Amino acid sequence: MDFTGKNVLITGASRGIGKATALAFAEKGAHVGLNFRSNTLEAERTLACLPGEGHQLFPKDLSKADNCKAVVNEFLSVYGTLEILVNNAGISIFHEIDSVDFETWTQAWEATFQTNLFAVANMSFWAAQTMMQKGGGRIVNVSSRGAFRGEPTKPAYGASKAALNAMSQSLAKKLAPHGIYVGVVAPGFTETEMAAKTLTPIERENLLRESPFQRMAQPKEVAHAILFLASDGAEYSSGTIIDVNGASYLRS
């Protein structure tokens, strides 16, 4: 896969899957714009480790609708065109229905959908406007196996990712005549910095049992699937949802 000279915007790019995706695109010759919400130090570290030139940070909280238009416009002012958008930013909030009060419950749903669905919809809207004018592009959205198997301790997360899948496939059908191809990658639990800090030994052991590989996904493995969907030659895979979960959850 060659992305030499391509202009790529990645949301939630300061660490984890976003960081691995930025590295993968940069290694293939792309110019990468890294969006992040607040972790400036991590974003600067990621920027510093990208090979090649022409990469830049775009700090914005995308849960605020106006910021989605602003970050796309800022990206265009730097690069001129937006050829690939990777919607990776997402949040996950525990809110078990049998143990939280109603205020906590509603706040979790609202915050989760603002970032995991509405921000993706808004970023896709503004990206599509410029892509339609410029002759096409790629949008790749990062979902989760939780969209299919359920998330009992954080139901808003699972629901937001299921809605993301449906929206992505709707956009794939609508935007194909404009030369814009939309794909989805649905990872299982991924070995990120956040996972290392938050998982207890028992939780980690249980997660490892879920896959016959006896391990979690590596961020670069998720990035590989993202790059495939964004690559030339993958056009007829538009609307596809690629599972990257090590056979930990199989769907028909």
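Rule-based calculations on the coordinates, nothing more; no lab input. Keep in mind the model is a prediction, meaning the values are calculated, not measured. FYI the Cβ positions are ideal-geometry reconstructions off the backbone, even for glycines, and counts take in every protein chain you see.
Through the Karplus equation 6.51 cos²θ - 1.76 cosθ + 1.60, θ set to phi - 60°, convert the phi angles of segment 121-128 into ³J(HN,Hα) values in whole Hz; use x for Gly and Pro.
Result, ordered by residue: 4, 5, 4, 5, 4, 6, 5, 5 Hz.
Segment 58-74 to segment 147-185: how many Å between their Cα centroids?
So the separation of the two Cα centres works out to 21 Å.
State which entries of Lys69/Lys134; Lys6/Lys173; Lys134/Lys161; Lys28/Lys174 exceed 22 angstrom in Cα-Cα distance in the structure shown.
Lys6/Lys173; Lys134/Lys161; Lys28/Lys174
Return Ser168, Ser160, Ser252 ranked ascending by Cβ neighbour count within 10 Å, so the fewest neighbours appear first.
Going from sparsest to densest Cβ surroundings: Ser252, Ser168, Ser160.
Please turn the phi angles of segment 19-24 into ³J(HN,Hα) values with the Karplus equation 6.51 cos²θ - 1.76 cosθ + 1.60 (θ = phi - 60°), one per residue in order, whole Hz, x for glycine and proline.
5, 4, 5, 4, 4, 5
Could you work out the relative contact order of segment 7-244, using alpha carbon pairs under 8 angstrom and six or more residues apart, expressed as a whole percent?
With pairs under 8 Å counted, the relative contact order is 20 percent.
Among Ser38, His224, Phe102, pick out the residue whose Cα is farthest towards the positive end of the charge dipole of segment 7-244, where Lys and Arg carry +1 and Asp and Glu carry -1 on C-beta, about the Cα centre.
Towards the positive end, the residue furthest out is His224.
Only four residue types carry charge here, +1 at the Cβ of Lys and Arg and -1 at the Cβ of Asp and Glu. Report the dipole size of the chain about the Cα centre in Debye, rounded to the nearest 20.
About 420 debye.
List the aspartates and glutamates whose Cα lies under 12 Å from the Cα of Lys154, skipping any in the same chain that are fewer than 8 positions away.
Glu96, Asp98
Take the Cα radius of gyration of the chain and divide it by 2.2 N^0.38 Å, with N its residue count; two decimals is plenty.
Output field value: 0.97.
Hey, what do the phi angles of segment 35-44 turn into as Karplus ³J(HN,Hα) couplings, whole Hz, using 6.51/-1.76/1.60 and θ = phi - 60°, x for Gly and Pro?
Residue by residue, segment 35-44 yields 8, 8, 8, 8, 7, 4, 4, 5, 4, 5 Hz.
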